[in-house]
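**Q** This is the structure I want to talk about, given as C-alpha cells.
The values are calculated or read from the model by the stated rules, or taken from the named source; none is laboratory data. Just so it is clear, the structure is predicted and the values come from calculations on it, not from any experiment. Virtual Cβ from ideal backbone geometry, glycine too; neighbours counted across all protein chains shown.
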Amino acid sequence: MNLHVCQPSRIFFISCIICHVAFAIPPYTRGPVPNWMIPVASRENGIAYLGAHHRLRVAVEEMQNGSSPFLVSVVGGSNTVGHGAINGFAWPRYLFNWLTDAFPNRNITMHNGAVAGAMSEYISLCNGIHIPLESNMIILEYSHNDEHAPLPLFDNHVRRSFERLLRKLLDYPKRPAILLLHTYAWHETSDPKGKYWGNAERELGEIGLYYSLPAVSVRGCCYHLMRKNVSGFRVDHARRIPEMFEVLKFETWYSDGVHAAGDTGYRGMAELLIHLLMKVSTGFKTMPLSPTDVGAAQEDLPPPMIPGNLPTTKDVCFIGEVLRKCALSPLNEGWSWVDDAINHPGRQPKLGFSSKTVGAAITFVVDTRRHGGLIKHSDGPTSDVEPTVTLGIAHLRSYEHMGQASIACSNNCTCKGDLMLEGMQERKVSQRHIHSLQVNQVDACRITITVLPTTKSDGHSVKIQGMFVSEEARNDNMARVITTGVLDSMADTRGIQI
C-alpha cells in the first residue's frame, strides 16, 4: 500500500481531507465468487453473530438444492431502498445478482419492502404490506433508522416494537431465516463524528442474539478501515459534491452524510451478506444439514425477551391510496394529496396529505373495532363500544420548516393521550414517525387533524402519511393471534389486515 498525498492543485476543494491509505478497488464483476472489495479478515470481522443458525442452514440448503420457488425479502430504510447509489446499485441488487449467479438453476426472487425514513416500529405494525408471508429468508436493516438510545433500556416503545416485528416474522408460515444487517453512518453519530457506539446496533443485536439471529455489521467489518481512510472506505468527506465527484469515485464509503455509495458502501454491504451465505454453504461439506437443523427451525419461539411483549393481535394499516380513501371530503380545505418524491425519478413514492396552512383541518373515518376494516362513511351513530385500542398516526418529522397539529376524535369516538403532533426533530433526517393514542372501539371513528399556529421552526408544514389500528396482545386468556390474510388490492378501502 502506498501513502497518497493530497495534490496542491486540488487544495481549494480538499483542504479538509487528511491523507489516506490508497489501493485500487477491484472492479465489480458478476459471478458465483465475487471480485471482493472487502479484505477477507474484515469480512470475517463483519460477522457479528452466527451461532447454530439452524434456520439459515435450512434456507441455504433449500436455496441450493430445493425445487420450489425461493423468496428473499429485504426491508429497512433508505439504505435498503438505495438512496445515494452512485456509480452502482443498492445492496439488494448486488445480493440478488450474486444469488442468480451462484444458483443459476434455481427460481430465486427478491422482494424489497423497504420504506425510506421508516423505523421498525412502522413495519412491525404493517409487516404484511411490506414483507410477503411466503418469504424463505428475510433481511432486516434498522440499526441506523431506529432511535439509538431510548430509555428505559429495552422496555421502551422502540425496542418493544422491534422485538414484536421479529416474533411476527419468525412465525411466518415457512419459518424463514431472519438475518440482521447492521449499517453504520459515521457522519450521523453525535460529536465527535465517528463514535463507534453511535447507532442502535448493540441493542438490536442483543435482541437478535436472544433469538439466535445471524447478523453482519458494517461497523464490525469496516470501522478501522474508515478510521484509516483506506480507499473505498474513506470518511474524510461527508458527501460527494459535484466538484469532487470524479476524485471521490471509488474512494468514499458514503455518497452523502447518511447513505452509502453504490460503487463502494452498498457493494460492501452486499459482500458481507454474500460472505456469510458462502460460509454457510461451504460449511455443509464438513457438517451436512441434519434433522436437528430441520427440527430446530420449526421450534416454538421462546417467551419474549422484554416481558409480556407479544406481537399485536391484529393490525390494520391505512397507507397510500387506502389512506386517501379514508379522508372525509369536502372538509379538507388547505390540504393536498402529494408525493414528495415526484421530483426524484427512481425513488419510491412518498404519498400523504400535506398542509402548510394554519387552521386547515382534515378528517379521516376509520373503523377502530378489533376486527378492523374501513366501512363506508356514515353520519349515523356508532355501536358496540369496547375497551380501547391503539390508534397510530404516521406523520413526517424533519429538521426544518415543520409545524404542529392538534388531534381530535368525534362521532362517539374518544381519544386519550398526547393530542398534538410535533413535526420538528434535531436529527438532520426526514423520517416517518408513529404517534400513538388510545381510542375506543367504534365502527366510524372520526379523527380530525388541524394545523396549529404554534411552531418550533419558521414553518407550519404537516404531513400525514398513514394510520393504523392496533391492539397489543395481552398475557391473559387473549391468546396471541396472527392472521395471514392479505388483501389482493391496496385500493381496497378496508385496508390491509395482517
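**Q** In the list ILE178, ILE207, which residue meets the criterion of being under 25 Å from TRP36 (Cα atoms) and either out of contact with any strand residue (DSSP E or B) (no Cβ under 8 Å at 6 or more places or on another chain) or not in a helix (DSSP H, G or I) (or both)?
**A** Working: ILE207 fails: under 25 Å from TRP36 (Cα atoms).
Answer to the selection: ILE178.
**Q** What do you reckon, is VAL258 outside any loop (DSSP other than H, G, I, E, B) and either closer than 29 Å to SER161 by Cβ or in the same structural domain as HIS53 (by TED's automatic domain parsing) (or both)?
**A** On the way: outside any loop (DSSP other than H, G, I, E, B): no; either closer than 29 Å to SER161 by Cβ or in the same structural domain as HIS53 (by TED's automatic domain parsing) (or both): yes.
Considered against the rule, which asks whether it is outside any loop (DSSP other than H, G, I, E, B) and either closer than 29 Å to SER161 by Cβ or in the same structural domain as HIS53 (by TED's automatic domain parsing) (or both), VAL258 comes out as no.
**Q** Is there a residue being more than 30 Å from GLY88 (Cβ to Cβ), assigned by TED's automatic domain parsing to the domain that holds GLY76 and without any contact (Cβ under 8 Å) to a residue 60 or more places away in the chain anywhere in region 336-353?
**A** no
**Q** Go through region 103-118 and give me each residue that's in contact with a strand residue (DSSP E or B) (Cβ under 7 Å, 6 or more places away or on another chain) and over 27 Å from VAL60 (Cα atoms).
**A** GLY117, ALA118
**Q** So, in region 353-367, exactly how many residues are within 26 Å of the chain's Cα centre (by Cα) and part of a loop (DSSP other than H, G, I, E, B)?
**A** Residues in region 353-367 being within 26 Å of the chain's Cα centre (by Cα) and part of a loop (DSSP other than H, G, I, E, B): 0 in total.
Let's see how each residue does on (1) under 22 Å from the mean Cα position of the chain (by Cα); (2) buried (at least 20 other Cβ atoms within 10 Å of the Cβ); (3) not basic (Lys, Arg):
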residue	(1), (2), (3)
MET420	no, no, yes
LYS428	yes, no, no
ILE449	no, yes, yes
GLY466	yes, yes, yes
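**Q** If you take the residues in region 183-222 that are over 18 Å from HIS148 (Cα atoms) and hydroxyl-bearing (Ser, Thr, Tyr), which one is surrounded by the fewest Cβ atoms within 10 Å (Cβ to Cβ)?
**A** Selected residue: TYR210.
**Q** Do you know which residues across region 383-436 are basic (Lys, Arg) and in contact with a helix residue (DSSP H, G or I) (Cβ under 9 Å, 6 or more places away or on another chain)?
**A** Within region 383-436, the subset basic (Lys, Arg) is 397, 416, 427-428, 432.
Matches in region 383-436: ARG427, LYS428, ARG432.
**Q** Within region 225-234, can one find any residue that is among the hydrophobic types (A, V, I, L, M, F, W, C) and without any contact (Cβ under 8 Å) to a residue 40 or more places away in the chain? Can you show your working first?
**A** First, the residues of region 225-234 that are among the hydrophobic types (A, V, I, L, M, F, W, C): 225-226, 230, 233.
Then keep just the ones that are without any contact (Cβ under 8 Å) to a residue 40 or more places away in the chain; that gives 233.
For region 225-234, residues among the hydrophobic types (A, V, I, L, M, F, W, C) and without any contact (Cβ under 8 Å) to a residue 40 or more places away in the chain: present.
**Q** While we're here: Only one of these conditions is not met by LEU151: (1) free of Cβ contacts under 8 Å to residues at least 12 places away in the same chain; (2) surrounded by 22 or more Cβ atoms within 10 Å (Cβ to Cβ). Which number is it?
**A** (2)
**Q** Can you pull out every residue in region 241-252 that is assigned to a loop (DSSP other than H, G, I, E, B) and surrounded by 22 or more Cβ atoms within 10 Å (Cβ to Cβ)? Walk me through it before giving the result.
**A** Of the residues in region 241-252, the ones assigned to a loop (DSSP other than H, G, I, E, B) are 241, 249-251.
Answer for region 241-252, where residues must be assigned to a loop (DSSP other than H, G, I, E, B) and surrounded by 22 or more Cβ atoms within 10 Å (Cβ to Cβ): just GLU251.
**Q** Considering only residues of region 164-175 that are farther than 22 Å from PRO92 by Cβ and in a helix (DSSP H, G or I), which is modelled with the lowest pLDDT?
**A** ARG164
**Q** Only one of these is over 26 Å from the mean Cα position of the chain (by Cα), modelled with pLDDT of 95 or more and more than 22 Å from PRO39 (Cα to Cα): ASP300, ASP293. Name it. Even if it seems obvious, please write down each step before you answer.
**A** Details: ASP300 fails: over 26 Å from the mean Cα position of the chain (by Cα).
Step by step, each of ASP300, ASP293 is checked, and only ASP293 is over 26 Å from the mean Cα position of the chain (by Cα), modelled with pLDDT of 95 or more and more than 22 Å from PRO39 (Cα to Cα).
**Q** Restricting attention to region 166-183, which residues are of a type outside the set (Lys, Arg) and under 14 Å from TYR210 (Cα atoms)?
**A** To start, the set of residues in region 166-183 that are of a type outside the set (Lys, Arg) comprises 166, 169-173, 176-183.
Passing the criteria: LEU166, LEU170, ILE178, LEU179, LEU180.
**Q** What's the number of the only condition in (1) without any contact (Cβ under 8 Å) to a residue 60 or more places away in the chain; (2) crowded, with 24+ Cβ neighbours inside 10 Å; (3) among the polar types (S, T, N, Q) that SER73 fails to meet?
**A** The one condition SER73 does not meet is (1).
**Q** Quick check on ILE434: is it farther than 16 Å from ALA360 by Cα, buried (at least 19 other Cβ atoms within 10 Å of the Cβ) and out of contact with any Ser or Thr (no Cβ under 6 Å at 6 or more places or on another chain)?
**A** Details: farther than 16 Å from ALA360 by Cα: yes; buried (at least 19 other Cβ atoms within 10 Å of the Cβ): yes; out of contact with any Ser or Thr (no Cβ under 6 Å at 6 or more places or on another chain): yes.
Against the criterion (farther than 16 Å from ALA360 by Cα, buried (at least 19 other Cβ atoms within 10 Å of the Cβ) and out of contact with any Ser or Thr (no Cβ under 6 Å at 6 or more places or on another chain)), ILE434 qualifies.
**Q** Within region 48-163, which strands (runs of 3 or more DSSP E) (wholly inside it) include 1 or more residues that are at pLDDT 95 or above and under 20 Å from VAL33 (Cα atoms)? Spell out the reasoning first.
**A** Details: elements: 70-76, 108-112, 137-141.
Once the strands (runs of 3 or more DSSP E) in region 48-163 are filtered for at least 1 residues that are at pLDDT 95 or above and under 20 Å from VAL33 (Cα atoms), what remains is 70-76, 108-112.
**Q** Give the number of residues within region 449-467 that are among the small types (Gly, Ala, Ser) and modelled with pLDDT under 95.
**A** 1
**Q** Then there is this: Among the residues of region 125-136, is any of a type outside the set (Asp, Glu) and over 26 Å from GLY320 (Cβ atoms)?
**A** Yes, because at least one residue in region 125-136 is of a type outside the set (Asp, Glu) and over 26 Å from GLY320 (Cβ atoms).
**Q** Does SER470 satisfy being at pLDDT below 85 and not in a loop (DSSP other than H, G, I, E, B)? Quick ask: steps written out before the conclusion?
**A** Values: at pLDDT below 85: yes; not in a loop (DSSP other than H, G, I, E, B): yes.
In short, yes.
**Q** In the list HIS224, HIS237, HIS182, which residue meets the criterion of being under 24 Å from the mean Cα position of the chain (by Cα) and in the same structural domain as SER124 (by TED's automatic domain parsing)?
**A** Numbers: HIS224 fails: under 24 Å from the mean Cα position of the chain (by Cα); HIS237 fails: under 24 Å from the mean Cα position of the chain (by Cα).
Of HIS224, HIS237, HIS182, the one residue that is under 24 Å from the mean Cα position of the chain (by Cα) and in the same structural domain as SER124 (by TED's automatic domain parsing) is HIS182.
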